[in-house]
Amino acid sequence: MIAYLSISCFNHFIISSMLVKTFGSAVYGVEAITIAVEVNVNNQGKSDAIIVGLPDGAVKESLLRVESAIKDNNFFMPRTRLIVNLAPADIRKSGTAFDLPIAMATLGASNQLINPEKLTDYVIMGELSLDGNVRSIKGALPIAIQDYNKEVYNEIEEMFSGCYRTASFSLQRYGCNTS
C-alpha cells in the first residue's frame, strides 16, 4: 500500500514528552545502517538548534529546510534549545535524507503531533523542499533490504522507483509525492 502525503499529513501521529525518537538509514555502498533520530526540545538554556552524531554539511543544513517546511505547513518551529542526535554517533551521516525524520521528530518533541511515540514504528527518510514537499533520496533499495532483514515493517520514503517496487518484500511502505 502506498499513500501519498506531504509533511502536513503527519498530524495524526503522537507525542507526549520532550524527547522523541524515530529511525532513518544511512547508506554505504550497497548496504544500509539503521540510524536512530532523537530530538529533544529543552526550555533551559539559550534558544538554538544543533545536530550531533557526525553529520556532514548537508545534514547540518537540514535544520534550515526543516524550519521552512514546518512553518510553511502551519506548524511552529520551537524557539527553545533543540538537540538532534543521530545515533550511533561513530558513523558519518551524509546527504539530505534525514530532513523528514528530523522534521517529524521535531514536531513530536514540540507537542504538535498526536501520539508521537508511534514514530518509533517507522523508518522515515526523505529530503524536504522549503514548502514541505518530500523529494526523492538515493538508496531506497538498500534501505528496504536492510529494514526487511531487521524485521522493520513500516517505511515512509519518497515514491519508490520501479526497481524498488518489484522488490517490495513484506514491508508496509508509505510513499510520498516528490517534487
- Message: If each residue of separation counts as 0.36 nm, what is the full-extension length gain between Ser68 and Asp131 once their alpha-carbon separation is subtracted?
- Response: 22.0 nm
- Task: At 7 Å along the Cα-to-beta-carbon direction for both Tyr148 and Thr34, put a label point, then send me their distance in nm to one decimal.
- Result: 1.7
- Zone reached by a paramagnetic label modelled 7 Å from Lys46 Cα along Cα→Cβ, restricted to the range 60-92 with backbone N below 13 Å, covers 81-82
- Sort 44-56, 92-104 for me by packing, meaning the mean count of neighbouring Cβ atoms within 10 Å per residue, highest on top. 92-104, 44-56
- Want the number for Leu54 to Asp121: 0.36 nm per residue separation, take away the alpha-carbon distance, what's left? 21.7 nm
- Note on the structure: Burial-style ranking of 64-77, 116-129, average other-beta-carbon count within 10 Å with highest first, yields 116-129, 64-77
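None of the figures in this text is laboratory data; all of them are computed from the coordinates on show. Since we're looking at a predicted model, the values are computed, not measured. As a convention, Cβ positions derive from the backbone with ideal geometry for all residues, glycine included, and neighbour counts pool all protein chains shown.
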